[in-house]
Amino acid sequence: MHSQQNPTFITSEKDHFTRLFPELDPLDVKDNRLWLLSQKMMDRGDCLPDGDSATISNGLAIFSQFLAHDITFDSTSQFSGIQFVDRFQNDRTINFDLDCLYGQKEQTFYYDAKDKDKLLLGKRFTAEDEEWYDLQRNAQCKAIIPDARNDENIIVSRMQVLFIRFHNRMVDWLRRNNCPANVFKEARKLVIWHYHWVIIYDYLKKMMDPTVFEDLMANGSRYYTSPSTMPLEFSGAVFRVGHSQTRSRNRINANLEKRLFELGFFSEMEQFVDWRYIFDFGDGRVQFARKIDTKLA
């Protein structure tokens, strides 16, 4: 899964996106039919437990957003006018290489000038017995990270901080264990390997049909053995399951619950995110994601 592509953000290569079924004509549906469909897709029962997953935590579902940001970003398409797939441009590498975390090493503003093997964190916060960090921000509170979408809401923003801190802890661990000269390169490799393990054995194993997962692990892929482009249907449709899993109410800590559209109402990370309510630590506090179905929050 480690990308072999050029990790620059805007490339001039062609065929950034391809179609899985290029021979099919686009589906043309009238506006009134789409409106009726949208009304049937609205999830109005977020407080009803029978609509929750029994295995997929709210954090794991939101992790989908982090994954999507790591492999696809089309900055060229628009909501109006005719769209041509050959003009779409993917400004992310298509493999899980955490280019949304590391960017390019030459872009030194992502890195700590006092320790160039480490990524730079922002403001430190404390409250009661808790301590946490924000992303580094400019004078207008915009996060200085390779992919601004990872600051879209408070939870995915904190995930970005977690990966930064994980990388920095890995640097410290390697130094304590007599790492070879290039500490940064080794730390990045190990962080990406751990990231891949989480994707396969925590995320995919819970998200996929168990028989399909076990078959893939035993026999590998039959159809997409060496992908070089991103299928548009995957980016724009298949990997949108998170919109079905999203909760309309999200508990952030013991005293704070946010509605869906309140998750992004922040300029600094002044509120503590208690991961025990986001991921399942086995203590009964976690909120689970909504089930994967035809409903959207």
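Residue by residue through the range 93-98, which ³J(HN,Hα) values in whole Hz follow from phi under the Karplus form 6.51 cos²θ - 1.76 cosθ + 1.60 (θ = phi - 60°), with glycine and proline marked x?
3J(HN,Hα) across the range 93-98, in whole Hz: 6, 7, 9, 7, 10, 6.
Give me the dipole magnitude in Debye, nearest 20, for the chain about the Cα centre, with unit charges on the beta carbon: positive for Lys and Arg, negative for Asp and Glu.
Result for the chain is approximately 280 debye, rounded to the nearest 20.
Compute the projected area of the convex hull of the Cα atoms of the range 91-219, averaged over all viewing directions, and report it in nm² to one decimal place.
About 11.2 nm², averaged over all directions.
Using the Karplus curve 6.51 cos²θ - 1.76 cosθ + 1.60 with θ = phi - 60°, work out ³J(HN,Hα) for each residue of the range 18-33 in order, rounded to whole Hz, and write x for Gly and Pro.
Running phi through 6.51 cos²θ - 1.76 cosθ + 1.60 with θ = phi - 60° gives 10, 9, 5, 10, x, 7, 8, 6, x, 6, 10, 10, 5, 4, 5, 5 Hz.
Which three numbers, in whole Å and largest first, are the semi-axes of the equivalent ellipsoid of the chain derived from its Cα gyration tensor as √(5λ)?
31, 26, 21
Which aspartates and glutamates does Lys206 reach when only Cα atoms under 13 Å apart count, and residues fewer than 8 places away in its own chain are ignored?
Within the straight-line limit of under 13 Å, Lys206 reaches these aspartates and glutamates: Glu214, Asp280.
Evaluate the distance, in nm, between pseudo-label points positioned 7 Å from the Cα of Asp209 and of Tyr223 along their respective Cα→Cβ axes.
Taking the simple label geometry, Asp209 and Tyr223 are separated by 1.2 nm.
Find, to one decimal place in angstroms, the Kirkwood hydrodynamic radius of the range 149-297, where the mean of 1/r is taken over every pair of different Cα atoms and then inverted.
Taking the inverse mean of 1/r over all distinct Cα pairs, the range 149-297 comes out at 18.4 Å.
Could you work out how far apart the two model spin labels at Ala54 and Asp25 are, taking each label as a point 7 Å from the Cα in the direction of the beta carbon, and quote it in nm?
Reported label-point gap for Ala54 and Asp25 is 4.5 nm.
Return the distance in nm (one decimal) between the two label points of a simple spin-label model at Leu216 and Arg169, each offset 7 Å from Cα along Cα→Cβ.
2.7 nm
Taking a spot 7 Å from the Cα of Ser248 along the direction of its beta carbon, which residues of the range 282-297 have an amide N less than 20 Å from it?
287-297
Please give every one of the lysines within straight-line cross-link reach of Lys205, meaning a C-alpha to C-alpha distance under 28 Å, and leave out same-chain neighbours fewer than 8 residues apart.
Straight-line reach from Lys205, under 28 Å: Lys189, Lys291, Lys295.
By how many nm would the segment from Arg240 to Asn32 grow when fully extended, if each residue of separation counts as 0.36 nm and the alpha-carbon distance is taken off?
72.6 nm
For the charge dipole of the chain, defined by +1 on Lys and Arg C-beta atoms and -1 on Asp and Glu C-beta atoms about the Cα centroid, which residue among Ser57, Gln140, Ala113 has the Cα displaced farthest towards the positive pole?
Ala113
Which listed residue (Gly284, Ala181, Tyr223) has the Cα farthest towards the positive end of the charge dipole for the chain, taking +1 on Lys and Arg C-beta and -1 on Asp and Glu C-beta about the Cα centre?
Positive-end residue among those listed: Ala181.
For a protection proxy built on the mean count of beta-carbon atoms within 10 angstrom, sort 145-151, 237-243 highest first, please.
Result, highest mean first: 145-151, 237-243.
Highest mean first, what order results for 280-289, 219-228, 17-26 on Cβ atoms within 10 Å?
Final packing ranking: 280-289, 17-26, 219-228.
Laboratory data are not the source of any read-out in this text; all were calculated from the coordinates shown. Worth saying up front: this structure is predicted, and the values here are computed from it rather than measured. Heads up, the Cβs are rebuilt from the backbone with ideal geometry, glycines too, and the neighbour counts pull from every protein chain shown.
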